Amino acid sequence: MKETNLYIVRHGKTMFNTLERVQGWCDTPLTTKGREGIQYVGLGLQDTKFEEAYSSDSGRAIETMRILLGEHPDGKDLPYHVDPRIREWCFGSLEGAYDAEMWGVLPRVLNFKTEDDLFATEVTFKEIADAIVGADTASWAEPYEKLRERVWNGFEDIAQRREKDGGGNVLIVSHGLTIAFLLSLIDSKQPVRANLLNGSINRVKYQDGKFTIRAINDISYLERGKTIADKAND
């Protein structure tokens, strides 16, 4: 049986990413630069064999996956599934606000002076989730336990099914905070990360019911794809 590996890509850069606005369950399309970056990632992944592909049900994740599959030699034949469990966190009434507003409110809820002070400590995802729930005036944000259950079950189900079907690589498009949260659920020593790059790849191995982190925030595939594109245009 082949080794089971998940290649988890953060979606391409969107309008709200560029404008530095909070984007969880709300959605905006990829920008021209965002699409270009994902095309580079797709080119960089051309030599990687995949058994299947998954994305969240957010439009930006679906758009990203379509670009990746369009650049892959097996893309037309690769089974592709959409799973809402691997979508981004819901930020409730904070959705669409400027990032600085949300990351200005949350430290105060958690009794920190600034965002820098918050991330300089060993703040946990549970504390951040609880703070979002506390700051959400619409009562839409997910409680920590519900969030943990959906994210973990989503990725674990994907991995378990692939292992049961003989293993191999799975291409997945998800979201920055969701991916960082998964990494912390796999390894509790991982810090809270709010800086995963658009188009970065986070690789995890799954074997006998256990995940192992192989790579975090890896942009080597994007860089490789850009080199391939540059040579083709010479």
When every residue in the stretch 132-186 that is touching a His at 6+ places or on another chain (Cβ under 9 Å) and not β-branched (Val, Ile, Thr) is compared, the one farthest from GLN23 (Cα to Cα) is LEU171
Of all the residues that make up the stretch 84-105, how many are of a type outside the set (D, E, K, R), within 18 Å of HIS175 (Cβ to Cβ) and not in a loop (DSSP other than H, G, I, E, B)?
6
Anything in the stretch 106-142 that is in contact (Cβ under 8 Å) with a residue 12 or more places away in the chain, in a loop (DSSP other than H, G, I, E, B), of a type outside the set (Phe, Trp, Tyr) and over 18 Å from ARG193 (Cβ atoms)? List them, or say none.
ASP136, THR137, ALA138, SER139, ALA141, GLU142
Please verify whether ILE172 is in a helix (DSSP H, G or I) and either open to solvent by 30 Å² or more (accessible area, probe 1.4 Å) or touching a strand residue (DSSP E or B) at 6+ places or on another chain (Cβ under 8 Å) (or both), treating the condition exactly as stated.
no
So in the stretch 42-64, with the set limited to residues that are of a type in the set (A, V, I, L, M, F, W, C) and part of a loop (DSSP other than H, G, I, E, B), which one is nearest to ASP77 (Cα to Cα)?
PHE50
Scanning the stretch 21-63 residue by residue, those crowded, with 20+ Cβ neighbours inside 10 Å, of a type in the set (S, T, N, Q) and under 27 Å from VAL133 (Cβ atoms) turn out to be GLN23, SER55, SER56, SER58
Spot the failing condition for ASP230; the list is (1) in contact with a strand residue (DSSP E or B) (Cβ under 7 Å, 6 or more places away or on another chain); (2) in a helix (DSSP H, G or I); (3) surrounded by fewer than 17 Cβ atoms within 10 Å (Cβ to Cβ), and only one is missed.
(1)
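The values are calculated or read from the model by the stated rules, or taken from the named source; none is laboratory data. This one's a predicted model, so the numbers in the text were calculated from it and none came from an experiment. So basically every Cβ, Gly included, is an ideal-geometry build from the backbone, and we count neighbours across all protein chains shown. Each accessible area value is taken on the protein alone, full model and side chains, heavy atoms only, with ligands, DNA and RNA left out. Shrake-Rupley method; radii C 1.70, N 1.55, O 1.52, S 1.80 Å.
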